Amino acid sequence: MDANEQTPFATLAPLEPLMDKCVHCGFCLPTCPSYLLLGKEMDSPRGRIYTMRAGMEGRVDMSAPVVAHFDTCLGCMACETACPSGVKYAPLIEETRAAIEAHHPRPLGARLFRQLLFAVLPYHRRLRVLGAPLGLARALRALLPARLQRLIDLAPRATLSDLRITTAELTPARGEQRLKVGLLTGCVQRAFFGSVNEATVRVLAAEGCTVHAPRAQGCCGALALHAGEPDTARRFARALITVFEREGIDAIAVNAAGCGSSMKEYGHLLRDDPAFAERATRFASKVKDVTEILTTLPARVARKPMPLRIAYHDACHLGHAQGVRRQPRELLQSIPGVTLLPVAESDICCGSAGIFNLVQPEMSDALGARKAAYLAETGPDMVVTSNPGCILQIQAAAARAGTPLVVRHIVEVLDEATRGM
Amino acid sequence: MSALDSAFLSRLHAAAPGGVIDDPAERLTYESDALVHLRATPGAVVLPASAAEVQAVVRLCHERGVPFIARGHGTGLSGGALPHPDGVLIGLARLNRILDVDVPNLRVTVEPGVTNLDITRRVAPFGCYYAPDPSSQSVCSIGGNIAENSGGAHCLKYGFTVHHVLSVEAVLPDGTLTTIGSSALDAPGLDLLGVLVGSEGTLAVVTKAALRILRRPEAVLTLLAGFPSIDAAGDAVSAIIGHGIIPAAVEMMDRLTIDAAEASVQPNFPKTSAVLIVELDGPQSEVDDLFVTVERVCRQAGAETVEIARDQGQRERIWKGRKAAFAAMGRVSPNYYVQDGVVPRTRLSEVLRRIRDLEARSGLRIGNVFHAGDGNLHPLICYDEAIPGQAQHAEAVASEILQYCIDAGGAITGEHGVGADKKSYMSKMFADADLDTMQLVRCAFDPANLCNPGKVFPTPRLCGEVPGPYRQHPVERAGLGERF
Amino acid sequence: MAASHTAPVTAADMAAALADAARASRRVVPVGAATKLAWHDDPFETADTLSTRGLLDGFAHYAGDLVATIPAGMTLAEANARLAAAGQWLPVDPLFADRATIGGIVATNDSGPRRYRHGAPRDLIVGIEVALADGRVVHAGGRVVKNVAGYDLSRLFCGSHGSLGVVTSATFKLVPLAADSCTLVARLPTLAAALACAQALAHSPLTPSAIELQAPDPVLLIRFETTATARTQMLAATNALLQPSGAETQVVHGDAEHAVWTDHDRRISASTHTLLKVSVLPSAAVRVFTAWTPGVQWAANGRAALGVFVVRLQGTADHVATEISRLRRAAELAHGHLTMLDAPPDVKRLAGPSPEAPAAALMQAVKARFDPHAVLRRVCDGR
């Protein structure tokens, strides 16, 4: 009897070369939010890779305690940045999560809650339907189970006008066209941060981009992928690729870091799909964070002065997963009067991390408090970041700590600086 | 299952509530530190949240004759935190608070789980830093630094951990909590602190440390020079010292390690046979004066390129290349073995020549990265585990290099420690009487041989006055780890 | 039985002499130049002496490695004269530096003004050879500066005052002789101002090799050993830093500089009175140097920025003992301690023993392992 045949971790076997890269040096530990909070080897990337291997070799079972240590991973990928040996952790944790969802029966409550999240979050229409009566739900909060209370607490206080915003399908470039850009309008972004999409369109158009925002597009699949539901993620990915292929565009602009990092990996996600493998790779090569696009286009529009002390927060899926750190800073510094403040622990996750803040609330709150404190310490006029999840998380944590912070998406700031110029 | 009985485990839970890890799958992740070929699953892992909990755990172990091993963040390269299968691994990761920063007196007080770099980060706003800077400084713990007497690139000028520790609070192997040393200099009596630092966790478990911090120098100047050969670079080092200059750091890398670093972090080093990094620090006027000499000496020794980093960004890039060298070896070789030996600086060329001959003879590539200022060599022996017998071959090669160091009048470890890995080499460097004398200290601190047993010494010493329960654990069993 | 005096010429003979003493249960005291023999709380009147002055073989200077092995009987002055041939020195400047032997310097861990830059003997020693009471000669450390193989017994023997064994030779790291040296002598209006200036210097980017205080008439001796250009700039910066405190300054070089430092040592060591060492947190030093007991004359030299001071007291035994108690309390309040170096027997008796060291039991346990028959001296201040 072969142990590998039996172990639920067997699907990790093809990834063994990735695990071999890990020399157990521990450089990932201090950048890992879960290790920082819990101090346990099992809750560190090094420990998790060790457990994956032990699982694959049949030395450990997929028991509840083992699964719990994979659940504490935020998927922030700070470990990949810190790793001198070049270990690719993202595919390892994604495959492990898929194995867990396939083999590990979760308690009924947790299962239902996750199903609810996946039934609602990726669908902007369902979110919108839900968004309007949130006011009512808030009023009745005390009557709801704890997990649902949490969902309501974190939900953005979208105004009705936010909820009504729909981005135009085609926005022509101002002046001569420099690029033809597709815009991912997103699911959560589209439902609750319509104004961020509007600002993105205005800034891109002002800099000479024709912006296509096809209404038929749906979720990019990132939430599902990070939660161990790769089949769902692949379904979303195929649909998105199809929608954008029709437009014949130069680049696909993304203003949500988590979406961007997943879309850049579509080639890997659909590698075994003969109909899509090549198309996915081509698509992925066009995916750019909006700040990447803007820094490649020498500014055409002057920025009006904004005397602001700004603390920039690196979204993990932008900084660690996509390596985009320089571009947003350059853009902010292109605005006269802006001072960028150094922030302690800038490489550590704020605790939002996809659905992490919904499924691991205690850890998420602790990380949020830590992040809010370090940001507040710099005495900023404004905190700027590039991911909707981070905005919600930091705002909520700062409010809880009694040190409210103004948190804005970077394109909103750029929009304000370029408007009317 | 754990070899520790359930009565013991329940008392362990009481000693450190919420901090005990006894699930077998969870204990597995503590099998090794950063030296992965030595593994042993600990009988139990405990993560105390206070010094009082550490004390309670040690007391319990003492009472029951159970071995205990302290561990920081598991970054050691000599298996110093290799667990004991019948023992308790005391993880100090949760004792990670900086308790006091006393800028006027240039002192900080920290718990052992604080990382080396955290101290510098914390005191940087006051224009200060913590001097010892091992390559793993972003993750290694101060407790571990104290155990290993860690150095780093800048110890040439600023000394080792022992020169920066003023006092510690420690739990002795019998469970007594005591203070060794004092915040003011020259604590009365014997310098037990001097022997505790570098004792590799075999004398006590440190729960708190008062450390010296330094003022940031006014100027730092880093020079990166490319040489046509290791010998030429070595000549430059001798000439610099010969001119009466003690740089803050002098580091050397050979071509193989340059290429590995390039593949990992792109430091943009010159593509020469050797590079030398020389760092000078101090008052601006002094640095400027000395730099003229250093640059001239490098060119006279045959430097093909000389690059000067004058700002923080350039300097960070150079040091990133140097500090990533070990782990970056993983990019050019499937596996590698890091050796740590010391030779008198004047014997560097000769020893490196022997290493090159060995490389040719063994068929294994050997990268060399070293602290040239103090003769601390780190040969990186590349091998492929998948090729049968090559791992053992690499180990034999590494061992031969140590013999070269001993032959040249050097030492078997400059900073990684003896741990479990090198204890058999101790008798090549020291006579039995020397080792016996060191163990007199061990016996005074830990007569029952429970505190990190099986490390440092090739054969444990029977201390005479051994308490009862100890006899149930024959000394020969202490420290047995599985060798893979 | 009359006390005997032996002077072995090899480490093996020294060990044999120790073993003989152990067999006969005779107490022995190792002695070098005897300049600091009294710096101990153990009077040892009845002990035999074992001189280290015959241990003169085995000097080795590894100039290219900046390391030297020096036999215990050699004086520091002679060792440094030899090392100077290659432009190097062992950077310790203890009291009685002209006569003190290497063995005695290791045993007392004594250091002087330039400890500020170079540290104490403990910070410079890299290897040691000792003769033990069981008749063996053993080694620890080595002759390379960087070495973490085994316990650092070299440090343990530094400051052990002959309680664990007899040091027969020691290996140190050396430093190059400075190209240029000068000392700025600054007279300050008050002791508080002098101490504040010392602190300010320690927190400045300047790198003097000594920041030395003289009291009660407050003077700072600030020494620079660097390149000529750097020295000029650092002197200017130091003057600027001292000026607001009302300092009167003067710079001395060459023979004049040598004289300043010789006089500095003599202030403390010239006559035999009560000699103490006070170690405190540097920022709290000012609190120790106030409210002196009436009727006591005092003088102090000190590494002001390190918080280590050597204090000389003069007066009636009663007064001096009262002052010692006051200083001891003041030092403790300043997170430090007082150690008695030398004092007339009646002062030692009246002042009483020093308080128990926190790790005293552990020190005694170590002592018992090295010297099970208690033939060597007690652990100094180890109660």
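The values are calculated or read from the model by the stated rules, or taken from the named source; none is laboratory data. Small disclaimer: the values here were computed from a predicted structure and weren't measured. All Cβ positions, glycine included, derive from the backbone under ideal geometry; neighbour counts span all protein chains shown. Note: accessible area is taken over every heavy atom of the protein model, side chains too, but ligands, DNA and RNA are not part of it. Shrake-Rupley method; radii C 1.70, N 1.55, O 1.52, S 1.80 Å.
Data table
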item: Single residue of B:I142, B:I230, B:I240, B:I146 found to be over 30 Å from C:Y62 (Cα atoms) and not assigned by TED's automatic domain parsing to the domain that holds B:D340; result: B:I142
item: Within the stretch B:209-225, considering residues that are away from chain C (no Cβ under 13 Å) and either in contact with a Lys or Arg (Cβ under 8 Å, 6 or more places away or on another chain) or open to solvent by 10 Å² or more (accessible area, probe 1.4 Å) (or both), the one nearest to B:V165 (Cα to Cα); result: B:L211
item: Flag if C:E323 is acidic (D, E) and either open to solvent by less than 40 Å² (accessible area, probe 1.4 Å) or outside any helix (DSSP H, G or I) (or both); result: yes
item: C:A170 being aliphatic (A, V, I, L, M) and either facing chain B (nearest Cβ under 9 Å) or over 23 Å from C:D65 (Cα atoms) (or both); result: no
item: Residues of the stretch B:41-79 that turn out to be among the small types (G, A, S), surrounded by 24 or more Cβ atoms within 10 Å (Cβ to Cβ) and more than 24 Å from A:R59 (Cβ to Cβ), as a count; result: 3
item: Hey, A:E57 modelled with pLDDT under 95, of a type in the set (D, E), under 27 Å from A:R325 (Cα atoms) and open to solvent by 20 Å² or more (accessible area, probe 1.4 Å) or not; result: no
item: Scan of the stretch C:127-182 for residues that are outside any loop (DSSP other than H, G, I, E, B) and aliphatic (A, V, I, L, M), ordered by number; result: C:I128, C:V130, C:A131, C:V137, C:V138, C:A140, C:L153, C:L156, C:V166, C:V167, C:A170, C:V175
item: Residue ID - farthest from B:T207 (Cα to Cα), chosen from residues in the stretch B:84-117 that are of a type in the set (D, E, K, R), out of contact with any Asp or Glu (no Cβ under 8 Å at 6 or more places or on another chain) and within 14 Å of chain A (Cβ to nearest Cβ); result: B:R94
item: Which numbered condition B:S141 misses (of (1) open to solvent by 10 Å² or more (accessible area, probe 1.4 Å); (2) at pLDDT 95 or above; (3) within 12 Å of chain A (Cβ to nearest Cβ)); result: (1)
item: Of the criteria (1) of a type outside the set (A, V, I, L, M); (2) surrounded by 24 or more Cβ atoms within 10 Å (Cβ to Cβ); (3) in a loop (DSSP other than H, G, I, E, B); (4) at the interface with chain B (Cβ under 7 Å from one of its Cβ atoms), which one C:T207 fails; result: (2)
item: Residues located in the stretch B:273-286, provided they are open to solvent by 10 Å² or more (accessible area, probe 1.4 Å) and assigned to a loop (DSSP other than H, G, I, E, B); result: B:S273
item: Matching residues, the stretch C:226-255, being of a type in the set (D, E, K, R) and part of a helix (DSSP H, G or I); result: C:R231, C:D255
item: Conditions (1) crowded, with 18+ Cβ neighbours inside 10 Å; (2) out of contact with any strand residue (DSSP E or B) (no Cβ under 9 Å at 6 or more places or on another chain); (3) in the same structural domain as B:D235 (by TED's automatic domain parsing); number of the one not met by B:R347; result: (3)
item: Counted residues, the stretch B:54-72 - those being in a helix (DSSP H, G or I), over 21 Å from B:L196 (Cα atoms) and not aliphatic (A, V, I, L, M); result: 2
item: Residue list for the stretch B:414-429, restricted to those being within 7 Å of chain C (Cβ to nearest Cβ) and touching a strand residue (DSSP E or B) at 6+ places or on another chain (Cβ under 7 Å); result: B:G414, B:E415, B:M429
item: Of residues in the stretch B:287-300 being surrounded by 21 or more Cβ atoms within 10 Å (Cβ to Cβ) and not β-branched (V, I, T), the one modelled with the highest pLDDT; result: B:C298
item: Whichever residue in the stretch C:222-243 is among the hydroxyl-bearing types (S, T, Y) and free of Cβ contacts under 8 Å to residues at least 24 places away in the same chain and, among such residues, is farthest from the other protein chains (Cβ to nearest Cβ); result: C:T232
item: Evaluation of A:R329 against (1) at pLDDT 95 or above; (2) in contact with a Leu (Cβ under 9 Å, 6 or more places away or on another chain); (3) open to solvent by less than 60 Å² (accessible area, probe 1.4 Å) (one fails), failing number; result: (3)
item: Members of the stretch A:380-411 that are closer than 22 Å to A:G319 by Cα, open to solvent by 30 Å² or more (accessible area, probe 1.4 Å) and out of contact with any helix residue (DSSP H, G or I) (no Cβ under 8 Å at 6 or more places or on another chain); result: A:Q395, A:V406
item: Sole residue being within 14 Å of another protein chain (Cβ to nearest Cβ), over 30 Å from B:V220 (Cα atoms) and in contact with a Leu (Cβ under 9 Å, 6 or more places away or on another chain), chosen from C:G307, C:G302, C:G246; result: C:G302
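Per-residue answers, yes or no, for (1) under 23 Å from the mean Cα position of the chain (by Cα); (2) modelled with pLDDT under 95; (3) open to solvent by 20 Å² or more (accessible area, probe 1.4 Å):
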site	(1), (2), (3)
C:F289	yes, yes, no
C:V310	yes, no, no
C:Q314	yes, yes, yes
C:S354	yes, yes, no
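Condition check ((1) at pLDDT 90 or above; (2) open to solvent by 10 Å² or more (accessible area, probe 1.4 Å)) across all residues:
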site	(1), (2)
A:A216	no, yes
A:A224	no, no
A:E229	no, yes
A:A233	yes, no
A:L240	yes, no
A:I252	yes, no
A:G258	no, yes
A:E265	yes, yes
